[in-house]
Amino acid sequence: METFNLLMQGFQTALTFQNFSAAAIGALLGILVGAMPGIGSLAGVALLLPLTFKFNPTTGIIMLSAIYYANMYGGSFSSILINIPGDSPAVMTALDGHPMAKKGHPGKALLTSNLSSFIGGTIGIIILTISGPVLARLGLKFGPVEMAALLMVAMTSLSWLMGDNPTKGLISTLLGIILATVGFDIVVGTPRFDFGSLHLLGGISFIPLVIGMFGFSQVLEMMEPREATDTINKKLTLKDSLLTKEEFKRIIPPAIRSSFLGTIIGILPGAGATTGSFLGYVMEKKVGKNKDKMGTGIVEGVASCEAANNAAAAGAFAPLLSLGIPGSGTGAVLLGGLLMYGLNPGPLLFKNQPEFTWGLIASLYVANVITLVVAISIIPFLVKILKVPTRIMVPIITTVCIMGSYSSSNSLYGVVLMLIAGFVGFHLKKNNYPIPPLLLAFVLAPTLERAFRRSFIISDGSPLIFFQKPIAAVLIVFLLLTISSPIFKALYRKIRGNRSEISGEANRSCGETK
């Protein structure tokens, strides 16, 4: 009851004209920034931080938070329409979102994305409201050992689940890990695999890599000779964007499942919305009713990752406000904004600054609704992008790829990396090597390596530490079962086949005797 009263007081703060306007402007800017490939939430919040300098602390942080939150919505737009993720959490959205668009259902894909984002955000914010400090303490239980175990489960699951050929999925995963090791050693600090290049000392940039693998490889595919199709040229109306009753029912279960998972991932230090999006998709691929159709363009694929990344964005506020621990790079920028305004995040923030804290939480509800309304209202304009002829789309997408890659690195290195990644991605897809395991491994490998090495430093090199921590032990057991399950299935089929053969021979011998 006390929490409800505090939240109502927070709404009184959030719904003042100044704060409501700040949330609305932040939501609009967040969608625009999120839809622009190469910028992302981190750069977007950092670039727009000076806009808040003249506001009071509450209004300024509300605007920054709305930008961060709405960015999760915007990233899916370019993912679905032109197969170029606006930000790293939107990588998984492209797997089913763009195939839906190519089938002639871009509006349905966008609406599914927006509704799932709203569901994920709402559940994440509700959980944050009810148990923010408790969630933050739970996040602290995930030390290096627990994080290493969790990430091993994630990487193993996706490498086996993506694609029809598990071997090719595993090869893609290993390639992603190799690319992630380029640059400075994250623990010792010595350079590795830089080949004497100053650019490679900083590692391979994620944004140019993603834009190349998804966007530029798409350009190369469009330039190949192919049969004419009328999918893009057919008339697309707002009515075509509406989900049927059956489709709406199909998105609810994955959205709810991924929302709870995403919120938990969001509170983990260093995990963030990208990890939440990947794991949400993996879970749906593993337990969903239509798991075999994932990646072919179904609403469940879009709903699972979009709900997870928005829930993770909301969950990230729990450790940020309760403990002063940012869960991602964007969280670090928001933490800097809090400190700049003289606010000290921590356990006493809820007690000493209730007006600010609950006003911020209430503003997330407001921003969620505003962003949904804005996102749905622009769907009819967005779907017109697919009616543009291929001869015009190729130079436009190429320009977007070049601009996004350059803006992320401020040098031609990003553009060159994007072009190379595009050619590599094009040939990988042509030979049926799945791209998602590569990108998942690239994103998670540095965090996994850091957690692994810290775990072994703590245990003096003993792997038993993974069985001495309860959470890690459960995850490792699950990992071992996942890895060994194909072997047990093969043995079961072999034993069953042998029994069938013995039974058949027995029946034949009985017949001959008679």
Inset, instruction - Would you mind ranking CYS305, CYS401 so that the residue whose beta carbon has the fewest other beta carbons within 10 Å leads the list? - result: CYS401, CYS305
Legend entry - segment 54-137: trypsin sites (Lys or Arg not before Pro) in DSSP loop, at most 16 other beta carbons within 10 Å: LYS54, LYS103
Legend entry - Relative contact order computed over segment 2-468 (Cα-Cα under 8 Å; 6+ residues apart), in percent: 29 percent
Inset, instruction - Give the order of TYR365, TYR68 when sorted by the count of other beta carbons within 10 angstrom, beginning with the fewest. - result: TYR365, TYR68
Legend entry - Whole-Å distance, taken between Cα centres, linking segment 419-491 and segment 165-187: 10 Å
Legend entry - Filter on LYS141/LYS286; LYS141/LYS289; LYS168/LYS285 - keep pairs with C-alpha separation over 22 Å: LYS141/LYS286; LYS141/LYS289
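Only the coordinates and a few stated rules stand behind these numbers; no lab work does. Bear in mind the structure is a predicted one, so any value in this text is a computation, not a measurement. Don't worry about glycine lacking a Cβ; one is built from the backbone with ideal geometry, like all the others, and counts go over all protein chains shown.
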